[in-house]
1. Go through 259, 280 for me and flag whichever is over 21 Å from residue 57 (Cβ atoms), surrounded by 19 or more Cβ atoms within 10 Å (Cβ to Cβ) and not β-branched (Val, Ile, Thr).
2. What are the residues in region 138-188 that are more than 16 Å from ligand 2 (Cβ to nearest atom), buried (at least 22 other Cβ atoms within 10 Å of the Cβ) and more than 22 Å from residue 69 (Cα to Cα), if any?
3. Just checking, which of 310, 272 is touching a helix residue (DSSP H, G or I) at 6+ places or on another chain (Cβ under 9 Å), surrounded by fewer than 23 Cβ atoms within 10 Å (Cβ to Cβ) and either over 17 Å from residue 240 (Cβ atoms) or assigned by TED's automatic domain parsing to the domain that holds residue 435 (or both)?
4. Tell me which of these residue 235 doesn't satisfy, since it passes every other one: (1) in a helix (DSSP H, G or I); (2) within 16 Å of ligand 2 (Cβ to nearest atom); (3) buried (at least 19 other Cβ atoms within 10 Å of the Cβ).
5. Any residue at all in region 94-116 that is in a loop (DSSP other than H, G, I, E, B) and either loosely packed, with under 10 Cβ neighbours inside 10 Å or modelled with pLDDT of 95 or more (or both)?
6. Looking at region 117-159, which of its residues are touching a Pro at 6+ places or on another chain (Cβ under 8 Å) and modelled with pLDDT under 95?
7. Just checking, does region 367-374 include any residue being closer than 19 Å to residue 270 by Cα and aliphatic (A, V, I, L, M)?
8. When both residues are 6+ apart or on different chains and their Cβ atoms are under 7 Å apart, which pairs have a first residue that lies in region 239-257 and is β-branched (Val, Ile, Thr), and a second that is within 13 Å of ligand 1 (Cβ to nearest atom)?
Amino acid sequence: MHKTSAIFLSPGARSWLLRWSLVSRAVLVLALLFGLTITTADAQSPRWWKGNLHTHSFWSDGDDYPEMIVEWYVNAGYDFLGLSDHNIMLTGEKWTEVTTNRTRVTAFEKYLSRHGPTWVEVKEQNGKKLVRLKTLEEFRPLFEKPGKFLLVPCEEISAQFEKSPIHINASNLREFIPPQGGNSVGEVLQNNIDAVLEQRRRTGQPMVPHINHPNFIWALTAEDIMLVRGEKFFEIYNGHPVTKDHGDENHVSMERMWDIVLTRRLGELGLEVIWGTAVDDSHSYHTFKVGQPNPGRGWIMVRARQLTPERLIAAMEAGDFYASTGVRLKDVQKTGRRISLEVDPEPGLTYTTQFIGTRKGYDSTSRPVLDKDGKPMRATRRYSKDIGTVLAEVKGTRTSYTLKGDEIYVRAKVTSSRPKVNPAFEGDQECAWVQPLVLERNTVKP
Ligand SMILES: [Zn+2]
Ligand SMILES: [Zn+2]
């Protein structure tokens, strides 16, 4: 029909029609291209990004070169990584000795064979062989790719009070922060958190502190953590075997600590929620076995549109992430009355979800833990079973919990039927911890 009718048009009209059609097509193509650019820049749909923000290298007490460690994480499918050495950032000139022990010799041989003599900088000094450690700025171009892999500048600010190590990880830091002191555990904790918050305010760069391994040398109690201000994260899982994640007869597990902290902050103290994070705290990269602080044990999955520190931090602060030691989730939804999730299942595995929380009107009494002589110990007090109680337990890959209305918060923990390979703690199963849904009307306002 079209072909036939075009035959009857005059030559002038036909040429005008042709020109008009070319112009309009060009406009259409441009509009489409422009539209697509806008779409990819602003409206990329959110996805989960896998990362670990607590890692050590030769810059402090880890046993490998940073490039080798980063490559391990890239190959293991991580999207972002923070190298967080003790009281140092990966800047400036630093040399490490090669030949003090067998591990160092092995590490050097592997490093040299991977990166070659042009990249690896060696010198002799007083009969010792030294290697210059590359700075973050030097090695990040080897690994970083927009939307594929990101390195986050970090430091583990490692302070102490008397014999208690008080460690705070600072992620996306711009400048080094020396460990801050204070007159009590609580004061040291707060002073170090405040130092990170002060740098954030001053520089305008998003950065976050998180409290590390509270059970390391039993340094921190739930009562210490529940009082902190301006802090949104603490480790409920740490892959270093000395961090005693599960506690002992006198000390609560880090997960139980989380419930005590959440209940008292939200239900009594009028303070904001604290999210739970999982990290490797890896130090050891050559021998993989139980008892070694190896990489690959605990991480977070952050839901963001783009792989940038700004987007990741914003999502983390909003609680749009989960902690994991192996269980992958496709989706997590939290609405006013409902928390639901969908596991990304692996063949042959089964999954159990526990919905855990505290209801209003809980028994808030507590008593101190006593030592052999009947004296109070420095340990989290003993609280009632009302705190962090299992509200429901559901099997399957799609689970949800509808709030009855008296819950202060509800969080979810998914446990897989598969035991963790190379666990930090014998007997661990693969898990995922979903951040709590807080029922605002049941919380205390400051
Ligand atoms: Zn530490
Ligand atoms: Zn550490």
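The values are calculated or read from the model by the stated rules, or taken from the named source; none is laboratory data. Since the structure is predicted, the reported quantities are computational estimates derived from the model, not experimental observations. Because the Cβ atoms are built from the backbone with ideal geometry, glycine has one as well, and the counts that use them run over all protein chains shown.
1. Every option except 259 fails the conditions.
2. 188 - this is the single residue of region 138-188 that is more than 16 Å from ligand 2 (Cβ to nearest atom), buried (at least 22 other Cβ atoms within 10 Å of the Cβ) and more than 22 Å from residue 69 (Cα to Cα).
3. Result of the check over 310, 272: 272.
4. Checking residue 235 against (1) in a helix (DSSP H, G or I); (2) within 16 Å of ligand 2 (Cβ to nearest atom); (3) buried (at least 19 other Cβ atoms within 10 Å of the Cβ), the one that fails is (1).
5. Taking region 94-116 first, the residues in a loop (DSSP other than H, G, I, E, B) are 94, 98-101.
From the residues that got through so far, the ones that are either loosely packed, with under 10 Cβ neighbours inside 10 Å or modelled with pLDDT of 95 or more (or both) too are 94.
Yes, because at least one residue in region 94-116 is in a loop (DSSP other than H, G, I, E, B) and either loosely packed, with under 10 Cβ neighbours inside 10 Å or modelled with pLDDT of 95 or more (or both).
6. At the first step, the residues of region 117-159 found to be touching a Pro at 6+ places or on another chain (Cβ under 8 Å) are 133-134, 136, 139, 150, 152, 157-159.
Once the filter is applied, which keeps residues that are touching a Pro at 6+ places or on another chain (Cβ under 8 Å) and modelled with pLDDT under 95, region 117-159 yields nothing.
7. Checked region 367-374: no residue is closer than 19 Å to residue 270 by Cα and aliphatic (A, V, I, L, M).
8. Cβ pairs passing all conditions: 242/216; 243/213; 243/215; 243/216; 243/281.
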